[in-house]
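The values are calculated or read from the model by the stated rules, or taken from the named source; none is laboratory data. Note that the structure is a prediction, hence the values are computed from the model and not measured. Cβ placement follows ideal geometry from the backbone for every residue including glycine, while neighbour counts extend to all protein chains displayed. Side chains are part of the model used for accessible areas, which takes the heavy atoms of the whole protein and leaves out ligands, DNA and RNA. Shrake-Rupley method; radii C 1.70, N 1.55, O 1.52, S 1.80 Å.
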Amino acid sequence: RYEGSGHVATITMDRKSSHNALNPALCNELRDAWLRFRDSDDRVAVLASAEENYFCVGADVRDFPADMSRAVPGLGVELDKPVIAATSGWVVGGGFVIVQMADMCVASETTRFSYPEVKVGTTGGGVSSVLSRMPHKIAMEFLLVGEEMSAERAYQIGFVNKVAPKGQHVALAQEMAAKIAGNAPLVVRA
């Protein structure tokens with residue numbers, strides 16, 4: 001879903017039956033949302049999930065997308081406006097890549113980041129830029145050991161901007177987005 005208000009776009013993944021697993025349809029819908037955002041008067045986007053316990057579980061193994069990068073802000077569609085990920089519950093694999101490519105992240109205290117590809121033996125490669133988004137040794141541990149990271153730990157290392165009480169992450173992200181949208185748009189884009 002795409003909802004614009006006050007120059008803030010809220011993009012909500014709503015594939016609850018599969019915990020927002022990235023299939024070709026969801027990847028295409030996210031790409032369309034990023035294109036709409038890019039071409040709109042909206043100045044900031046908040047990406048959220050309609051489901052509290054799962055932000056996104058990554059690629060849909062039953063309906064694997066040929067090109068998952070199309071769903072990723074800045075990869076599938078080049079953007080010069082900020083994106084804030086508002087996460088809760090599990091953020092796994094490709095979902096983690098989406099969050100790492102967002103400019104900011106407001107995480108519910110329930111957020112758990114996971115990149116289990118090292119354990120399952122596959123990777124799409126999009127995660128490699130995580131090395132510029134968190135300290136090198138922590139990123140290497142996260143990628144090579146394959147254990148989950150809590151919202152609090154992600155905040156401590158600077159991967160998450162704010163940790164919100166359960167259920168308040170989207171409102172807090174929208175509040176942050178509204179502040180950004182009220183700033184000088186050319187400077188924000190620059």
Restricting the stretch 46-63 to residues that are in a loop (DSSP other than H, G, I, E, B) and of a type in the set (Val, Ile, Thr), the residue that is surrounded by the fewest Cβ atoms within 10 Å (Cβ to Cβ):
61
Failed criterion for residue 81 (all others in (1) in contact with a His (Cβ under 9 Å, 6 or more places away or on another chain); (2) in a loop (DSSP other than H, G, I, E, B) hold)
(1)
Restricted to the stretch 142-159, and to residues that are surrounded by 13 or more Cβ atoms within 10 Å (Cβ to Cβ) and of a type in the set (A, V, I, L, M), which residue is nearest to residue 93 (Cα to Cα)?
143
Scan 25, 86, 66 and give me the residue that is over 11 Å from the mean Cα position of the chain (by Cα) and not in a loop (DSSP other than H, G, I, E, B).
25
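For every residue, the table says whether it meets (1) modelled with pLDDT of 95 or more; (2) farther than 21 Å from residue 183 by Cβ.
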| site | (1), (2) |
| --- | --- |
| 44 | yes, no |
| 69 | no, yes |
| 74 | no, no |
| 85 | yes, no |
Can you tell me which residues in the stretch 20-32 are more than 17 Å from residue 51 (Cβ to Cβ) and either surrounded by 20 or more Cβ atoms within 10 Å (Cβ to Cβ) or touching a strand residue (DSSP E or B) at 6+ places or on another chain (Cβ under 8 Å) (or both)?
27, 31
Residue 139 is checked against (1) modelled with pLDDT of 95 or more; (2) crowded, with 20+ Cβ neighbours inside 10 Å and fails just one. What number does that condition carry?
(1)
For the stretch 2-19, which positions are open to solvent by less than 50 Å² (accessible area, probe 1.4 Å) and either part of a helix (DSSP H, G or I) or modelled with pLDDT under 95 (or both)?
18
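The rows are residues; the columns are (1) of a type in the set (A, V, I, L, M); (2) at pLDDT 90 or above; (3) over 14 Å from the mean Cα position of the chain (by Cα); (4) under 17 Å from residue 173 (Cβ atoms).
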| site | (1), (2), (3), (4) |
| --- | --- |
| 97 | yes, yes, no, no |
| 123 | no, no, yes, no |
| 127 | yes, no, no, no |
| 135 | no, yes, yes, no |
Positions within the stretch 53-81 being touching a strand residue (DSSP E or B) at 6+ places or on another chain (Cβ under 8 Å), in contact (Cβ under 8 Å) with a residue 40 or more places away in the chain and farther than 16 Å from residue 101 by Cα, in sequence order
53, 59, 60, 65
Specify which of the listed residues (46, 99) is without any contact (Cβ under 8 Å) to a residue 60 or more places away in the chain and of a type outside the set (Phe, Trp, Tyr).
99
